[in-house]
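What follows is a single structure, written as structure tokens, with notes after it.
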């Protein structure tokens, strides 16, 4: 009988990280891959990115819609309520031998709760990280306490998971999945890319991704205003905006982006670029600007600049190529100009990605294959003094 591995994915970025692991599971004759699609994958406002999962050849076993078509009903509490009921029903039908989840988003948290209540073992990827400026901080550590197998992206994250009471034997530092996704992607050429996106890369170009900030002192409204003011000062520069995620405040950011793009002929807005187009664009841009984790996890391996705005990614290790700046117009503009300085070009050429050189997907799957999934659910708290 095949071992059933169920993977939950709720965002475009998350699927890009999980794709190679899912392929490994699907190709192994001893395993059956199950896929639950949820979150922004199922919402047209975010590009219906479930199509990317299907285009990669994966079968969607269950869908768990959590977002509402009515903006005022998109509170996190209501979404999580729908998620808990939906995942409970989906897992009751699928009954996998292992649930694989990545990260810290609220829909992933509810999937973990449902699996925990049904005594289904959980493998958690990218645990141990700390993002104190985000509500997701608590979700991530809570998922850790419900999971039995842990795959972290850095040694300090592994240590933090152990600090939370997890047995070191079950905590594995495998590096970041983002490097795998980029290394194994077939990249498009410049001409094909410009044709697909209906744009031209000017002398300078950037990808811009700015997500809501949920626990910072300054608001998403003030931060996006400062960012757009800084970007408005750039000349002969192509700006490729990707839409924000579904966190509270996304509609305000999206409306500001739509207005900016309509007023600037060098700016373009996409609901989702998709992994292939995103990584292909990295070849022809000077860097990324915003507060997305991709700027820390993946972009340094492409030897491109990252302008990281505000505190959304505070607490995460970063390569020397990452430029941190305050969410103010002058600070953002100065960081962008610094990219072209001789001093920074040396930093960029010597940058080492702290999340590894790739191979995380293979490491994760090998560990899963060697694990006794029938004896994982009951686990004792591991006290540090026992080490």
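Do you know which residues across segment 335-365 are touching a helix residue (DSSP H, G or I) at 6+ places or on another chain (Cβ under 9 Å) and in a helix (DSSP H, G or I)? Quick ask: steps written out before the conclusion?
Here is the first cut: in segment 335-365, the ones touching a helix residue (DSSP H, G or I) at 6+ places or on another chain (Cβ under 9 Å) are 335-336, 338-339, 344, 348, 351-362, 364-365.
Within segment 335-365, 335, 336, 338, 344, 348, 360, 361, 362, 364, 365 meet the criteria.
Exactly one residue out of 275, 292 is touching a residue at least 40 places away in the same chain (Cβ under 8 Å) and assigned to a helix (DSSP H, G or I): that is 275. Could you list all residues from segment 171-198 that are more than 22 Å from residue 298 (Cβ to Cβ) and surrounded by 19 or more Cβ atoms within 10 Å (Cβ to Cβ)? Scanning segment 171-198 gives a single hit, 171. For segment 3-55, filtering for residues that are over 13 Å from residue 365 (Cβ atoms), free of Cβ contacts under 8 Å to residues at least 40 places away in the same chain and not in a strand (DSSP E or B) leaves 9. Might you check whether a residue that is at pLDDT 90 or above and farther than 16 Å from residue 317 by Cβ occurs anywhere in segment 130-137? No. Among the residues making up segment 279-296, those that are more than 20 Å from residue 103 (Cα to Cα) and in contact with a strand residue (DSSP E or B) (Cβ under 7 Å, 6 or more places away or on another chain) are 281, 284, 285, 286, 287, 288, 289.
Considering 258, 224, the condition of being closer than 23 Å to residue 11 by Cα and either in contact with a helix residue (DSSP H, G or I) (Cβ under 8 Å, 6 or more places away or on another chain) or surrounded by 18 or more Cβ atoms within 10 Å (Cβ to Cβ) (or both) is satisfied by 224 alone.
The criterion of being touching a residue at least 24 places away in the same chain (Cβ under 8 Å), part of a loop (DSSP other than H, G, I, E, B), more than 30 Å from residue 377 (Cα to Cα) and not assigned by TED's automatic domain parsing to the domain that holds residue 251 holds for residue 185.
The values are calculated or read from the model by the stated rules, or taken from the named source; none is laboratory data. As the structure is a computational prediction, the values presented were derived from the model and not from experiment. As a convention, Cβ positions derive from the backbone with ideal geometry for all residues, glycine included, and neighbour counts pool all protein chains shown.
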